[in-house]
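Take a look at the structure below.
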Amino acid sequence: MKRIFSFVAVVALAACATLKGDQAVCPEYRDLRCATAPECSMDAARGCRVCQCSPAMGNEAKGTLPSGVPPDRRTQ
């Protein structure tokens, strides 16, 4: 049982989304590791993208899944 848990943990960490190779992302966000999809928006003043991890659950009031569209490209 311990081996299965260890294997699942290693696979989960390896599957995390990373932004390390994306030069358009601001340097302080390149080491961000997300279990969900990262959400990035362009910071025009800095000339690079700022990112955060998307929520694991969507809008709970509506019961929807998280959006795959970047926050700065969503329509209200």
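Taking amide H positions as placed in the peptide plane 1.01 Å from N, state which residues far from CYS48 in sequence (5 or more) or on other chains have amide H under 5 Å from it.
Sorted by chain and number, the residues that satisfy this are ASP43.
Counting other beta carbons within 10 Å of each Cβ, put THR36, THR75 in order, fewest first.
Ranked by crowding around the Cβ, least crowded first: THR75, THR36.
Rule-based calculations on the coordinates, nothing more; no lab input. Only a predicted model underlies this, so the values are computations on that prediction, with no experimental measurement involved. Cβ sites come from the backbone with ideal geometry, for glycine too, and all protein chains shown count toward neighbours.
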